[in-house]
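Notes follow once the structure below has been shown.
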Amino acid sequence: MSATHQSPVVAVLCERATDRPPGLDGLPVEFRYCAADGLREAVRGARGLLLWDFFSTAVRDIWADAGSLEWIHVTAAGVDTLLFDELRDSAVVVTNAHGVFDRPIAEYVLGAVLAHAKDSLRSYGLQREHRWQHRETRSVLGAKALVVGTGAIGRETARLLRAAGLQVKGAGRVARGDDPDFGDIVASSNLRAEVGWADHLVIAAPLTDATRGLVDAGVLAAMRPGTHLVNVARGPIVDNAALVEALAGERIAATLDVFDHEPLPPDDPLWDAPNVTVTAHMSGDVIGWRDTLAAQFADNVRRWVAGEPLLNIVDKKLGYIPTGDR
């Protein structure tokens, strides 16, 4: 029997059909590489699907032809762009890149906190103007950070911020105390009443129905003047119009890595808003990250072929792996 008939077929969706993941040669499956326009044909008869193009929404469009699928792996921590009702209700298992981005994103958040405390954005502006202006800056020792999202990324962020001397609380689905990473966890549904405590509000939660628009005009208004917002999660968790208004009034500052629309349009007011640092959805993307993603997927392929339990199975109803609630 040919290798094609012996081996399960896995479709691989890439941004371009030639943009292939590294290090997958030799795995006991047959790969079909495609871009979005070839996905419908690629999934016919395929049992697995790798979303190397992890922001694509193409699966929804070809779902009628994906009846043979057993497993979809997304090379991202967030699966919000993949999930839709028919997939949630199906028997298809979804896994994600849990663990790959935890430390890099935590380092990005710590860097943002330090840059804000040391007034780095203003220093860069003064440098560009060739102006020597001595100033005093803040220490992060004893500063307060409220991390919204108690999953793996939020926990790694909390540990790193604590190591730098900050006081940390978490905000999650369920309020509780004595958490090993956060100490106290407050209910994210009560965020408006809790944000006044924080010097830094860090958004590290998955995008779900419960978190969409969570940081709204009321939450932003309840933040103390000078509070620093860091968003490394998804843009729609923050009400964009309310954020632009709060920033224009210079009540708060922000470091933003994610946005409602990406790439951020050239005419978006966030580019020129005062006290804002904009980065291009790169907080988790350190050198070698694609190799790590491919190696993680390859490990799951071997488990899948051997009939062993897959790692990083997403709760499709919740939209994430609920490790932070245990």
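A short reminder: the numbers here are calculations on the coordinates, not readings from a lab. Keep in mind that this is a model prediction, so the values were computed, not measured. Methodologically, a virtual Cβ is constructed for each residue, glycine included, from the backbone with ideal geometry; neighbour enumeration extends over all protein chains shown.
Ordering 95, 208, 323 by the number of other Cβ atoms within 10 Å of each residue's own Cβ, fewest first, gives 323, 208, 95. Mean projection of the Cα convex hull over all viewing directions, computed for segment 1-158: 14.1 nm². Packing-based ranking of 80-86, 25-31 yields 80-86, 25-31, ordered from highest to lowest mean Cβ neighbour count within 10 Å.
Beta bridges from DSSP with both residues in segment 130-271: antiparallel share about 10 percent, rounded to the nearest 5. Panel order for 57, 279, 227, by other beta carbons found within 10 Å of each beta carbon, from fewest to most: 57, 279, 227. For the chain, complete DSSP H runs whose alpha carbons reach 18 Å or more along their own long axis and whose mean Kyte-Doolittle score is -0.5 or higher are 102-117, 289-306.
For the chain, the ratio of Cα radius of gyration to the globular rule of thumb 2.2 N^0.38 Å stands at 1.08.
The label point for residue 278 and the one for residue 216, both projected 7 Å from the Cα toward the Cβ, are 2.7 nm apart.
Structure remark: mean-square fluctuation, Gaussian network model of the chain, C-alpha springs under 10 Å; the largest value among 274, 22, 236 belongs to 22.
Antiparallel as a % of all DSSP beta bridges within the chain, to the nearest 5? Within the chain, antiparallel bridges account for around 10 percent of the total. Only DSSP H runs of four or more residues enter the estimate; each adds -39500 (n - 2.57), and after division by the residues of the chain the mean residue ellipticity at 222 nm equals -7500 deg cm²/dmol. Residues 120, 283 in ascending order of nearby Cβ atoms (within 10 Å, fewest first): 120, 283. Once both labels are positioned 7 Å from their Cα atoms along Cα-to-Cβ, the gap between residue 114 and residue 85 label points is 4.8 nm.
Extension gain for the segment residue 241 to residue 131, taken as residue separation times 0.36 nm less the Cα-Cα distance, is 36.2 nm to one decimal.
Kirkwood radius and radius of gyration were both taken over the C-alpha atoms of segment 102-278, and their ratio Rg/Rh is 0.96. Here the spin labels are modelled as points 7 Å beyond Cα on the Cα-Cβ line, and at residue 139 and residue 162 they lie 2.1 nm apart.
Can you list the lysines whose alpha carbon sits under 20 Å from that of residue 144, skipping same-chain ones fewer than 8 residues off? Cross-link targets: 118, 169. For segment 57-67, 3J(HN,Hα) computed residue by residue from phi via the Karplus equation (6.51, -1.76, 1.60; θ = phi - 60°) reads 10, 5, 4, 4, 6, 10, 4, 4, 9, 9, x Hz, glycine and proline entered as x.
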